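Heads up: the structure comes next, in structure tokens.
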Amino acid sequence: MSRIPYVGRGLLASASCMDKAHTHSILDYNNIRTAKWRMLTHRNLNHLDKECEDIADDLGFPLFVKPANCGSSIGINKAEDFDSLKEAVKIAFSHDNKVIIEEFIKGQELEVAVFGYDSPFASFIGEIGKNNDFYDYESKYINNSVNLIIPANIPDESAKEIRQIAVDAYKAMGCKGLSRVDFFLTEQNEIILNEINTMPGFTPISMYPKLMENLGMTYGYLIDKLIEQAIDNADRNY
Ligand SMILES: Nc1ncnc2c1ncn2[C@@H]1O[C@H](COP(=O)(O)OP(=O)(O)O)[C@@H](O)[C@H]1O
Ligand SMILES: [Mg+2]
């Protein structure tokens, strides 16, 4: 609104990627595979038992329950049975009025950096070497227990496909500038997109700058380039 150039995408793409239900819907429409999912809104809380039963029948346990709009793994829980599902849904609703429930995906967790406006390109693939069951708040920011592996230990064919899907998803969501696109790769080599972060973490242990460094862009150079492309494309962001 102030016509000040800034790094990152405008309101619509940022909001659509922030809202996990919107991300699922847009990717489903574009035939990009995500985890099977269901959405609950506050209205469903009146019939919570019935809703949870239906979802468990449909998707099976374990399940992942998430506030639709959050991040940093906050409010996210894995549910192994009916009681923990109800509990997880209540926790997620304490963070947002909209909650999504996903089938549990067992696989490697992979992340790709995408950069650019009209001809975006994808980095090589990074892998989250987790000790825990999932990449939770503590391992993201506190106990440094996660090992970032670049390039990921995956077949070349899968890596090629993941990089292409990352760029396709970036375009489908209307991303510009930069985004980190996160995936699972199952033991059957099935590629499942988890989420897109339009403003990925930029700490010294964050994946996006490390992936770009692997392409030869040092942290300082990357920041210069991000600012440069934001200024070059500023008129299109208003
Ligand atoms: N459907 C799923 N199956 C298995 N693990 C999941 C699933 N969804 C999320 N996770 C785990 O939870 C973490 C956080 O979920 P994510 O959707 O990435 O939310 P956030 O926006 O908070 O990062 C993921 O990095 C992954 O470890
Ligand atoms: Mg995530």
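A simple spin-label model places the labels of residue 57 and residue 72 3.9 nm from each other, with each point 7 Å out along Cα-to-Cβ. Across the stretch 145-221, the mean sequence separation of Cα contacts (distance under 8 Å, 6 or more residues apart), normalised by length, yields a relative contact order of 21 percent.
Compute the Cα gyration tensor for the chain, then decide on rounded, prolate or oblate, letting a ≥ b ≥ c be the square roots of its eigenvalues: rounded whenever a/c is under 1.5, prolate when a/b is larger than b/c in the other cases, and oblate in all that remain.
Working: a/c = 1.87, a/b = 1.46, b/c = 1.28.
It is prolate, given that a/c is not under 1.5 and a/b is the larger ratio.
Taking one quarter of the surface of the convex hull spanned by the alpha-carbon atoms of the stretch 165-238 gives a direction-averaged projected area of 6.0 nm².
Over the chain, DSSP H runs of length four or greater, each weighted -39,500 (n - 2.57), average out per residue to a 222 nm ellipticity of -10500 deg cm²/dmol.
Averaged per residue, what accessible area in Å² does the stretch 7-110 show with a 1.4 Å probe, protein chains only?
So the stretch 7-110 comes to 49 Å² accessible per residue, rounded to a whole number.
Would you work out what percent of the accessible area of the chain, with all protein chains in place, is carbon or sulfur (probe 1.4 Å)?
Carbon and sulfur: 50 percent of the exposed surface of the chain.
Annotation: the stretch 1-124 has a Kirkwood hydrodynamic radius of 16.1 angstrom, from the mean reciprocal C-alpha pair distance.
How would you classify the stretch 93-157 from its alpha-carbon gyration tensor, with a ≥ b ≥ c the square roots of the eigenvalues: rounded for a/c under 1.5, else prolate if a/b is greater than b/c, otherwise oblate? Because a/c hits 1.5 or more and a/b fails to exceed b/c, the stretch 93-157 counts as oblate.
Cross-link partners for residue 78 among the aspartates and glutamates, with Cα-Cα distance under 12 Å and sequence neighbours closer than 8 places in the same chain left out: 87, 102, 103, 133, 136.
Both numbers refer to the Cα atoms of the stretch 1-47; Rg and Dmax are 15.1, 47 Å.
Relative contact order for the stretch 33-177: what percent, with Cα pairs under 8 Å and sequence separation of 6 or more?
Values: 216 pairs, mean separation 31.3, N = 145.
Across the stretch 33-177, relative contact order equals 22 percent.
The values are calculated or read from the model by the stated rules, or taken from the named source; none is laboratory data. Since the structure is predicted, the reported quantities are computational estimates derived from the model, not experimental observations. We place every Cβ from the backbone using ideal geometry, glycine too, and count neighbours over all the protein chains shown. Areas reflect the complete protein model, heavy atoms only, side chains present, ligands, DNA and RNA absent. Shrake-Rupley method; radii C 1.70, N 1.55, O 1.52, S 1.80 Å.
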